[in-house]
Amino acid sequence: MGQKRSYKQYPQEFKEEAVALVKEQGYSVPEAAKSLGIASNVLYRWKDKVEQQRQREDLAEDERSELQRLRKENKELRMEKEIFKKGQCLLCQRNEVKYRFIQENSGLYPVRIICQVMRVSRSAFYAWKARSTQIITAEELHLYRRTKVLFTASRESVGSRELAKKLRAEGFIITRYRVMNIMQKLKLIVKQRVAYKVTTKRKHGDAVADNFLNQNFNPVDKNQVWAGDITYLKTAEGWLYLAVVMDLHSRRIVGWAIDKRMTTSLISRAMIKAYNVRRPPKGLVFHSDRGSQYTSKRYRALLQGYGIRASMGDVGACWDNAVVERFFGSLKHDWIFKTHQPSRNHMKRDVAAYMKYYNLDRLHSSNDDLSPIQYENLASLSVRNC
């Protein structure tokens with residue numbers, strides 16, 4: 001019986017050092033095998049075995065990283081599901097309610113994940129938390145919304161005093177001081193511009209009426225004193241001229257006309273419309289300045305035919321027709337100058353819109369019997385005849 005062949009055994013450290021000569025020190029396999037006194041095919045086997053082992057280790061490391069990532073995603077999905085069950089009823093609520101929910105659950109879940117589920121940014125939540133904002137009630141939120149709507153409807157012109165009156169008229173119990181605070185909180189800033197003012201002079205041959213008004217702008221009843229004036233309105237196509245007739249008792253515009261020319265016909269149309277709407281008794285006083293249109297014989301004859309007494313302010317007395325001047329200032333500063341006026345037709349529609357807002361929506365110091373239906377007829381008649 002032949003003797004069994006035995007192979008020389010090498011320790012693991014020796015095998016690793018032999019492979020290191022090839023992998024790390026740049027020896028070729030035959031050179032390394034010769035220097036170590038081993039066969040080249042043996043070193044080749046050792047080298048292949050080490051490379052296969054390292055590949056398995058690298059693959060295992062990638063698998064561990066992927067497993068960790070999947071576990072993390074699974075954990076976050078599980079938390080998102082739990083958060084959604086708790087807060088799904090708040091997704092349609094305002095942000096303050098969501099912030100309160102995030103603050104209450106920040107000890108159970110990461111803020112990043114809660115904000116992601118509630119669809120708010122982390123920076124906004126932390127800003128709210130720093131302010132210590134209190135949740136406002138539904139009634140207060142309704143007050144804020146109505147305040148902004150009324151302010152926007154006035155083209156950012158109504159102040160805290162008039163805004164408080166409007167809110168009280170809608171049933172809110174509120175003071176002007178609180179309205180000022182709300183306007184500051186909502187950043188509602190009144191915007192105005194300076195109007196362009198031009199005056200006309202009368203002809204020396206025309207008669208001038210006495211000043212019956214004498215700056216008494218508060219008659220005791222309607223249809224006692226009316227006042228009128230003309231103003232210039234600038235558009236991209238050119239100028240327009242607006243004539244108005246105001247009842248000083250109610251501060252309402254009872255007649256108005258607008259045209260491309262500033263003539264006696266313009267103010268006559270405004271007076272005719274005012275007379276047809278109101279049918280005032282004889283003896284009514286109509287106050288104006290001494291412009292050539294108001295001192296003309298044709299206009300004086302129109303007033304006499306209606307039984308209206310003419311009244312005119314003194315020369316250089318800017319306060320003699322202050323109420324109408326204030327109306328023109330509101331029309332321009334609060335309304336017309338807030339938007340571009342590309343054409344005369346656009347200006348006419350915009351003036352008609354302001355007349356409706358001024359007579360029906362804007363609060364005045366006195367009430368008036370001009371109903372919305374009567375005013376709609378007046379407005380449509382004024383625009384149609386322009």
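None of the figures in this text is laboratory data; all of them are computed from the coordinates on show. Quick caveat, the model's predicted, so the values are computed rather than measured. Don't worry about glycine lacking a Cβ; one is built from the backbone with ideal geometry, like all the others, and counts go over all protein chains shown.
The table below gives the values:
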quantity	calculated
Within straight-line cross-link reach of Lys8, lysines at Cα separation under 26 Å, skipping those fewer than 8 residues along the same chain	Lys23, Lys34, Lys47, Lys49
Per-selection metrics, the stretch 82-123 (Cα): Rg and Dmax in Å	8.9, 24
The stretch 119-158 residues near the modelled Gln88 label - backbone nitrogen below 19 Å, point 7 Å along Cα→Cβ	119-120
Per-selection metrics, the stretch 251-340 (Cα): Rg and Dmax in Å	14.0, 43
Sequence-distant lysines (8 or more away, or on other chains) whose Cα lies within less than 30 Å of Lys260	Lys191, Lys197, Lys201, Lys203, Lys234, Lys273, Lys297, Lys332, Lys338, Lys348, Lys356
Packing-based exposure ordering (other Cβ within 10 Å, fewest first) of Lys47, Lys85, Lys34, Lys332	Lys85, Lys34, Lys47, Lys332
Cα convex hull of the stretch 61-143 - mean projected area over all directions, nm²	6.6 nm²
Extended-chain gain in nm, criterion 0.36 nm per residue less alpha-carbon gap, Glu156 and Arg71	25.0 nm
Cα-based Lys proximity count in the stretch 81-173, under 29 Å, for pairs eight or more positions apart or on separate chains	11
